[in-house]
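Trainee: Sending over a structure as structure tokens; questions will come in a sec.
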Amino acid sequence: MEISDIPPHQNPLTTTNNDNNDGNWTKGEVQPRRCNDFFFALLFYAHLGVMACCAAVYAPKMFSEVAEGAMNGNGGGGGERNLMNEEEESGGGSVVQQDENESSHGSSMGGAKDKKFLSMMIKGMHHLVTTTIMPYPSSDNIDDHHNRNLEEDDDVTGTNDMGDMMLLLGISALIALVISTGALSFMIRHAESLIRFALLFNIAATAVFAIGSLFLSPFAAIWGLFLFGLTVYYAYIVWGRIPFAACNLVSATTAVKANLGLAFFAYSSLPIMIGWSAWWIVSFVSTVYITSGCDAQGNCENEPSNLLVFAMLLSYYWTFQVIKNVIHVTVAGTVGTWWFVPTEGSSCCSRGVRDSFLRSVTTSFGSICMGSLLVAIVEASKAMVRNLRESDDGGGIFLCIAECLLSCLQDILEYFNTWAFVFVGLYGYTFLESGKNVINLFKSRGWTTIITDNLAQGVLGMVSVAVGLITGLVALAIAHGQGMVFGDELGASAAAFFIGFIIGAVLTNTLMTLVSSAVNTVIVCYAEAPHEFQQNHPKLSEDMRAAWRQAWPAEFTY
């Protein structure tokens, strides 16, 4: 949906009349190019700068101290054993003192839990240093180390090196990409059957769970039967709406398939998230290590600051949400282009894909940062409350209630963001304007119930698992055929299958998130501009019109 090249009087999105006279709702208009919610974009970049400074200032100091401790521990393996022995000796002699502290200071368990976590992280850094910076064992242990390797090699057959692992990962990824891409066409042809199968599969799964719970306990049996009855009732209620969900899924999948270049941005987000996680771990551990006065054994002079931990958690969740929502807004803009101007949104690397991504990381980036920050604050708060609940005996029920409320608030905010970001991607509104407009749109149309229908989401999850299983079986066959061994015979089979399953499920789920975002965009676009859909995609429009009228006769007035 290119903004600058479409004159306002020819742009179908600038129509402000209301065909159905539905209250206060006004049809969306493409907004002038401007940096919306710029303060939040600036704040996001500033926080990344702070995280970079933390890593640059504190990480070298921490690694230097940990490396020095590793050297003093005689090369690495001995140092790690010394750390474990010191922990056992100190732990054995401090049980009584710990009990006294717990009785006099109810909050000490939280600090002990934080210290234990920090100690584990530091030992991980210690192991990293001893295996990378100083990878060679002492001369006294070389022969023993070599003999153990020979003995291990005699126990198994086949190969067991990093080359085999990378080969299996590469083949699994390639197979997953091919199958998941082919799954788009399969979903278009068999959308209704897939939705029905997903509902029946859920019923069968809960039935198995209910039968198994009968042999556990009366409470488990009651709970299992309740879930089974609830699943059956849900399937009965939504069964008549399957054609409606199928049409939405077909339209969304068609739009994604026509603009398959979206997959590049989705897959690119995976290494970005992994890289961010690694960066955050180094920044978090090193900052807490230095500011709390810790040593190489994980013993700290001061308690880690709760404010610092909260800020670090907020940083992690905020960045994660921003990366995810950039993709969501890009999909919304691309589907909007396909909907209104199909000539610019119907090829793999279409103009709609490129322009939508550029808008999401420039003019709309502040809006994405603002909405993502709201969810991140709740996520960080929930993580802090969960840590307190798991480490403190007092106030457990209140902390449990607080965590439950925060989880509900997170779901509400994420649900709101899902629809608000569609308007951000379609028209370029600010975050608050987008949220207000999309709510008014659904209220005026009487679609507040329609947008809660999530039948299509179940299919997307089922397809991800199915592709993961297929990829796992193929990886298992390849591993056996090529003599790849990862452990003993049983472990080799399990490892090969697990690698294939994870690669297949993750890559397919990444592609399916594009379809999920497209489904939400299709619903918004159909509420906004059904006539443009009829003009540009008549076959899909006719099928959708019939399905919507059948599923929602009162709400559908076109």
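Trainee: Picking from ALA296, VAL335, THR362, whose Cα lies most toward the positive end of the charge dipole for the stretch 277-370 (charges on Cβ: Lys, Arg +1; Asp, Glu -1)?
Mentor: Checked the options; the winner is VAL335.
Trainee: Moving on. Please provide three numbers in whole Å: the alpha-carbon extents of the stretch 278-358 along the principal axes, with the largest listed first.
Mentor: Here the spans come out as 65, 20, 14 Å, largest first.
Trainee: Sticking with this structure for a sec: Which of LYS382/LYS436; LYS61/LYS382; LYS257/LYS539 have a Cα-Cα distance over 22 Å?
Mentor: Values: LYS382/LYS436 27 Å; LYS61/LYS382 31 Å; LYS257/LYS539 17 Å.
Long pairs (Cα-Cα over 22 Å): LYS382/LYS436; LYS61/LYS382.
Trainee: Further, regarding this structure: Using θ = phi - 60° and the Karplus curve 6.51 cos²θ - 1.76 cosθ + 1.60, what whole-Hz ³J(HN,Hα) does each residue of the stretch 212-220 get, with Gly and Pro shown as x?
Mentor: Whole-Hz 3J(HN,Hα) from phi for the stretch 212-220: x, 5, 4, 8, 9, 7, x, 5, 4.
Trainee: If you count only protein heavy atoms and use a 1.4 Å probe, how large is the accessible surface of ASP543, to the nearest 10 Å²?
Mentor: Probe radius 1.4 Å; accessible area of ASP543 about 60 Å².
Trainee: Give me the percent of accessible area attributable to carbon and sulfur for the stretch 188-278, probe 1.4 angstrom.
Mentor: Working: 3890 of 4860 Å².
Looking at the stretch 188-278 in its full context, I get 80 percent from C and S.
Trainee: If packing is taken as the mean number of other Cβ atoms within 10 Å per residue, what is the order of 42-55, 526-539, 318-331, highest first? All intermediate terms of the calculation are to be shown ahead of the outcome.
Mentor: Working: 42-55: 15.4, 526-539: 17.4, 318-331: 23.5.
Those peptides, ordered most packed to least, come out 318-331, 526-539, 42-55.
Trainee: Next question. From the phi of every residue in the stretch 495-505, what ³J(HN,Hα) in whole Hz does the Karplus formula 6.51 cos²θ - 1.76 cosθ + 1.60 yield, where θ is phi - 60° and glycine or proline is x?
Mentor: Values per residue, Gly and Pro as x: 5, 4, 5, 5, 4, x, 5, 5, 4, x, 5 Hz.
Trainee: Still on this structure, I have one more. Sorted by mean Cβ packing within 10 Å, highest first, what order do the peptides 506-517, 337-348 take? Intermediate values should be presented prior to the final figure.
Mentor: On the way: 506-517: 22.9, 337-348: 20.5.
In descending order of packing, they fall as 506-517, 337-348.
Trainee: Step through the residues of the stretch 509-526 one at a time and calculate ³J(HN,Hα) from phi using the Karplus curve (6.51 cos²θ - 1.76 cosθ + 1.60, θ = phi - 60°), rounding each to whole Hz and writing x for Gly and Pro.
Mentor: Going residue by residue, I get 4, 4, 5, 5, 5, 5, 5, 4, 5, 5, 4, 5, 5, 4, 5, 5, 5, 5 Hz, with x marking Gly and Pro.
Trainee: Which of the peptides 360-368, 402-410 is most tightly packed, and how do the rest follow, going by the mean number of other Cβ atoms within 10 Å of each residue?
Mentor: On the way: 360-368: 23.6, 402-410: 15.7.
Going by the mean number of other Cβ atoms within 10 Å, highest first, we get 360-368, 402-410.
Trainee: Something else: Once amide H atoms are built 1.01 Å from N in the peptide plane, which residues 5 or more positions from SER350, or in another chain, come under 5 Å H to H?
Mentor: GLY261
Trainee: Could you state the accessible area per residue of the stretch 288-383 in Å², with a 1.4 Å probe and every protein chain left in place?
Mentor: Values: 3150 Å² over 96 residues.
With all protein chains present, the stretch 288-383 gives 33 Å² per residue.
The values are calculated or read from the model by the stated rules, or taken from the named source; none is laboratory data. The structure presented is a predicted model; accordingly, all values stated were derived computationally and were not measured. So basically every Cβ, Gly included, is an ideal-geometry build from the backbone, and we count neighbours across all protein chains shown. These accessible areas exclude ligands, DNA and RNA; they are computed on the full protein's heavy atoms, side chains included. Shrake-Rupley method; radii C 1.70, N 1.55, O 1.52, S 1.80 Å.
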